[in-house]
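See structure below.
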Amino acid sequence: MLSVRCWMFSLITTSFHTLRVGTKKALPGAFCFLLLLLFSTSPSAQPLQKIYSGLDNATSISITQNHIYVVEQGKHRLLKLDHSGKLLDTIGGRGSGNYQFSKPVDVDATNGLKIFVTDYNNRRVQVFDRRGQFLSSLTARNSFGSTDRYQPTEIAVNNFGEVYLVDEDQERVFHFDLDYNLLDEFRIPSEIDKIDDLLVSSTQLIAFEHETNTLHKLLLNGSYNGFIPAEDVQSVAVSEEGLWMIFDNRMEFENGDQKSVEFGISIDAKDVAVQRSAIFILADNALYKIIFSP
């Protein structure tokens, strides 16, 4: 008989089996009983490494096969690093023009071909290519012809290039196609006070609410579909191996069985991203990496 933890994990991962590998927003899952067979050995982990420091109020991380993208809100910019933490490029600086930000919040690097950054105070989303060249800007006016302005916070892009965007000002989620045409919009359900992170699959949205430590499940049309408690969790990610949860001083991995790794230090995690066995944990002032084999 499956455990309660396995049941909770399967609620998420069975709906994430078609997700994109390598980003923090959309990652593949597996069925619980298969994971119990595949990952029955004891976990092993290398020590936690600080691979980049000196960040100023970092808020979001997204990874591709070769690169890491970090939103550094305190300096109003986007950082591009390799997986060892070497800084390769920066985009931004405070302002309202192209290549400038005013309180950027979230990044989704998709498969590396398009990089989406929510630009909160400028009320837009800027889109760049893999070389950091500006492609377009999503605003209320040019996206759906509205004179209203939105304030985008969280963003998630699915396998088809469709964009889900949280508008804090209107408490809505907008859904665009890969050409940024508006497909749908819906009001955030009353059960959710604030969406602090957003994940998307082919069948549902997962909204993480930090204040209440809750994972909310939504259908793609915005209908509320239940919740999963996430007590004391600071950040969460889903990968093809399982469910990753970051706490103050440890990481827990669930694929039917719970496995825990102590960090030895306290980390106030703002975001987490998983690329195969490499887990990247973002604090507001530093980026950490740990190699973990379930």
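Considering only residues of the range 249-266 that are touching a residue at least 40 places away in the same chain (Cβ under 8 Å) and touching an Asp or Glu at 6+ places or on another chain (Cβ under 9 Å), which is farthest from Ser239 (Cα to Cα)? Explain how you work it out, then say what you get.
Here is the first cut: in the range 249-266, the ones touching a residue at least 40 places away in the same chain (Cβ under 8 Å) are 251, 253-259, 261, 263-265.
Next, from what is left, pick out any that are touching an Asp or Glu at 6+ places or on another chain (Cβ under 9 Å): 251, 253, 255, 258-259, 261, 263.
Values: Met251: 14, Phe253: 10, Asn255: 10, Gln258: 15, Lys259: 15, Val261: 17, Phe263: 20 Å.
Ranking the candidates gives Phe263 first.
Restricting the range 183-212 to residues that are in a strand (DSSP E or B) and of a type in the set (A, V, I, L, M), which is surrounded by the fewest Cβ atoms within 10 Å (Cβ to Cβ)?
Leu183
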Scan the range 128-144 and give yes if some residue there is modelled with pLDDT of 95 or more, more than 19 Å from the chain's Cα centre (by Cα), among the basic types (Lys, Arg) and assigned to a loop (DSSP other than H, G, I, E, B), otherwise no.
yes
Show the residue pairs that are 6+ apart or on different chains and have beta-carbon atoms under 9 Å apart, the first residue being within the range 50-70 and at positive phi, the second being in a loop (DSSP other than H, G, I, E, B).
Gly54/Asn285; Asn57/Asp284; Asn57/Asn285
Residues of the range 32-70 being under 19 Å from Glu241 (Cα atoms), modelled with pLDDT of 95 or more and not β-branched (Val, Ile, Thr), which ones?
Ser62
Does the range 153-174 contain at least one residue that is assigned to a loop (DSSP other than H, G, I, E, B), within 23 Å of Lys194 (Cβ to Cβ) and touching a Pro at 6+ places or on another chain (Cβ under 7 Å)?
no
Identify the residue in the range 213-237 that is under 18 Å from the mean Cα position of the chain (by Cα) and of a type in the set (Gly, Ala, Ser) and, among all such residues, is surrounded by the fewest Cβ atoms within 10 Å (Cβ to Cβ).
Ala230
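Check Phe227, Phe292, Phe253, Phe208 and return the single one that is farther than 30 Å from Leu55 by Cα and among the hydrophobic types (A, V, I, L, M, F, W, C). Let's see the steps before the verdict.
On the way: Phe292 fails: farther than 30 Å from Leu55 by Cα; Phe253 fails: farther than 30 Å from Leu55 by Cα; Phe208 fails: farther than 30 Å from Leu55 by Cα.
Being farther than 30 Å from Leu55 by Cα and among the hydrophobic types (A, V, I, L, M, F, W, C) holds for just one of Phe227, Phe292, Phe253, Phe208, which is Phe227.
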Being in a strand (DSSP E or B), modelled with pLDDT of 95 or more, closer than 17 Å to Thr153 by Cβ and among the hydrophobic types (A, V, I, L, M, F, W, C), is that true of even one residue in the range 220-231?
no
Looking for whichever is buried (at least 21 other Cβ atoms within 10 Å of the Cβ), among the hydrophobic types (A, V, I, L, M, F, W, C) and farther than 19 Å from Arg172 by Cβ here; the options are Val71, Val105. Which one fits?
Val71
Of all residues making up the range 235-278, the number that are at pLDDT 95 or above and under 20 Å from Asn111 (Cα atoms):
3
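Within the range 182-201, can one find any residue that is touching a residue at least 60 places away in the same chain (Cβ under 8 Å), under 22 Å from Thr110 (Cα atoms) and among the hydroxyl-bearing types (Ser, Thr, Tyr)? Explain how you work it out, then say what you get.
Going through the range 182-201, the residues touching a residue at least 60 places away in the same chain (Cβ under 8 Å) turn out to be 197-201.
Next cut, under 22 Å from Thr110 (Cα atoms) only: 197-201.
Pick out the ones that are also among the hydroxyl-bearing types (Ser, Thr, Tyr) and you get 201.
Yes, the range 182-201 contains at least one residue that is touching a residue at least 60 places away in the same chain (Cβ under 8 Å), under 22 Å from Thr110 (Cα atoms) and among the hydroxyl-bearing types (Ser, Thr, Tyr).
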For the structure I just gave you, tell me whether Glu240 is in a loop (DSSP other than H, G, I, E, B), charged (D, E, K, R) and under 16 Å from the mean Cα position of the chain (by Cα).
yes
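Specify which of the listed residues (Ile91, Ile61) is farther than 23 Å from Ile267 by Cβ and assigned to a strand (DSSP E or B). Spell out the reasoning first.
Details: Ile61 fails: farther than 23 Å from Ile267 by Cβ.
When all the criteria are applied, what remains is Ile91.
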Identify, please: which residue in the range 262-278 is buried (at least 19 other Cβ atoms within 10 Å of the Cβ) and over 13 Å from the mean Cα position of the chain (by Cα) and is, among those, farthest from Glu211 (Cα to Cα)?
Phe263
Could you tell me which numbered condition Val173 fails, if it satisfies all but one of (1) touching a Lys or Arg at 6+ places or on another chain (Cβ under 7 Å); (2) β-branched (Val, Ile, Thr); (3) more than 26 Å from Asp89 (Cα to Cα)?
(1)
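The values are calculated or read from the model by the stated rules, or taken from the named source; none is laboratory data. Since this is a predicted model, take the numbers as computed values, not measurements. Cβ: placed from backbone, ideal geometry, glycine included. Neighbour counts: every protein chain shown.
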